[in-house]
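Enquirer: Take this structure first; my questions come after.
Every number in this text was worked out from the coordinates using simple rules, so none of it is lab data. None of these values were measured; they are calculated from a predicted model. No Cβ is skipped: glycine too gets one built from the backbone with ideal geometry, and neighbour counts run over all protein chains shown.
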Amino acid sequence: MPLISSLAIAADANLTAALDLTTAAAPLAVRSAASWTSGTGAGQADKLFSDRRTLAASATEDLDLAGVLLDAFGAAITWARIKGLIIRADATNQNNVVVGAASSNAWATLLGATSTLTLRPGASFAVNTGVADATAYAVTAGTGDLLKVANSGAGSAVNYDIVIIGSSA
């Protein structure tokens with residue numbers, strides 16, 4: 001199945017200050033974007049996973065990036081390289097969504113084996129590799145393939161959305 005995909009991260013801002021005769025402005029536009037054609041090399045991706053997930057109060061889950069998650073057609077996905085990732089905590093959550101630091105076989109090429117990223121309610125995180133990057137964020141089946149996601153507290157469930165784009169080789 002061919003996959004054509006892209007991921008963009010953008011920041012736009014305009015800082016202004018009223019002066020005596022004019023208004024000074026400091027506009028900012030920063031964009032990081034990548035588009036991948038179908039395949040497994042640099043500038044290519046062939047695997048996609050997306051889902052809205054729910055974690056019970058104080059619950060955690062390890063997303064296995066090597067052969068357990070299913071694509072939209074029910075086929076198991078085994079990534080060798082992650083090229084784009086988005087995780088978005090639902091704005092109605094009462095607790096935070098914490099990403100990273102699986103207790104074993106952690107997918108460590110993005111956050112390290114023990115670091116975490118905390119997404120407050122409504123927060124999101126995105127990362128993409130450049131199209132010339134053939135290495136991307138490597139996944140090692142059996143030893144470095146678990147992405148832990150946790151609900152930070154008791155009392156209520158959390159919802160989060162996740163999108164993973166990558167390649168099988």
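Enquirer: If you check VAL30, VAL68, which single one turns out to be free of Cβ contacts under 8 Å to residues at least 24 places away in the same chain and surrounded by 13 or more Cβ atoms within 10 Å (Cβ to Cβ)? Explain how you work it out, then say what you get.
Expert: On the way: VAL30 fails: surrounded by 13 or more Cβ atoms within 10 Å (Cβ to Cβ).
Among VAL30, VAL68, only VAL68 is free of Cβ contacts under 8 Å to residues at least 24 places away in the same chain and surrounded by 13 or more Cβ atoms within 10 Å (Cβ to Cβ).
Enquirer: Does the range 39-49 hold any residues that are of a type outside the set (A, V, I, L, M), closer than 15 Å to GLY130 by Cα and assigned to a strand (DSSP E or B), and which are they?
Expert: Correct list: GLN44 only.
Enquirer: Going through the range 107-125 one residue at a time, which ones are in contact with a Phe, Trp or Tyr (Cβ under 7 Å, 6 or more places away or on another chain) and among the hydroxyl-bearing types (Ser, Thr, Tyr)? Lay out the reasoning, then the answer.
Expert: In the first step, residues of the range 107-125 are kept if they are in contact with a Phe, Trp or Tyr (Cβ under 7 Å, 6 or more places away or on another chain); the result is 109-110, 117, 119.
Passing the criteria: only THR109.
Enquirer: Within the range 43-65, restricting attention to residues that are charged (D, E, K, R) and crowded, with 19+ Cβ neighbours inside 10 Å, which residue is nearest to TYR160 (Cα to Cα)? If you could, list the steps in order and put the result at the bottom.
Expert: Let us first name the residues in the range 43-65 that are charged (D, E, K, R), namely 46-47, 51-53, 61-62, 64.
From what is left, the residues that are crowded, with 19+ Cβ neighbours inside 10 Å are 46-47, 64.
Values: ASP46: 24, LYS47: 20, ASP64: 17 Å.
Here the residue is ASP64.
Enquirer: Further question on the same structure: Could you count how many residues in the range 1-30 are of a type outside the set (Gly, Ala, Ser) and part of a strand (DSSP E or B)?
Expert: First, the residues of the range 1-30 that are of a type outside the set (Gly, Ala, Ser): 1-4, 7, 9, 12, 14-16, 19-23, 27-28, 30.
Remaining after also requiring part of a strand (DSSP E or B): 7, 9, 12, 14-16, 23, 27-28, 30.
Looking only at that region, the number is 10.
Enquirer: Taking the options ALA126, ALA154, name whichever one is among the hydrophobic types (A, V, I, L, M, F, W, C) and under 24 Å from SER5 (Cα atoms).
Expert: On the way: ALA154 fails: under 24 Å from SER5 (Cα atoms).
Answer to the check: ALA126.
Enquirer: Restricting the search to the range 105-142, which residues are of a type outside the set (Gly, Ala, Ser) and over 14 Å from ARG81 (Cα atoms)? Reasoning before the result, please.
Expert: Restricting attention to the range 105-142, the residues satisfying the condition of being of a type outside the set (Gly, Ala, Ser) are 105, 107, 109-111, 114, 116-121, 125, 127-129, 131, 133, 135, 137, 139-140.
Answer for the range 105-142, where residues must be of a type outside the set (Gly, Ala, Ser) and over 14 Å from ARG81 (Cα atoms): ASN105, LEU111, THR114, THR116, LEU117, THR118, LEU119, ARG120, PRO121, PHE125.
Enquirer: What is the one condition in (1) in contact (Cβ under 8 Å) with a residue 40 or more places away in the chain; (2) surrounded by fewer than 10 Cβ atoms within 10 Å (Cβ to Cβ) that ILE9 does not satisfy?
Expert: (2)
Enquirer: To continue, here is another question. So in the range 138-166, with the set limited to residues that are in contact with a strand residue (DSSP E or B) (Cβ under 8 Å, 6 or more places away or on another chain) and not in a strand (DSSP E or B), which one is surrounded by the fewest Cβ atoms within 10 Å (Cβ to Cβ)?
Expert: This residue is GLY142.
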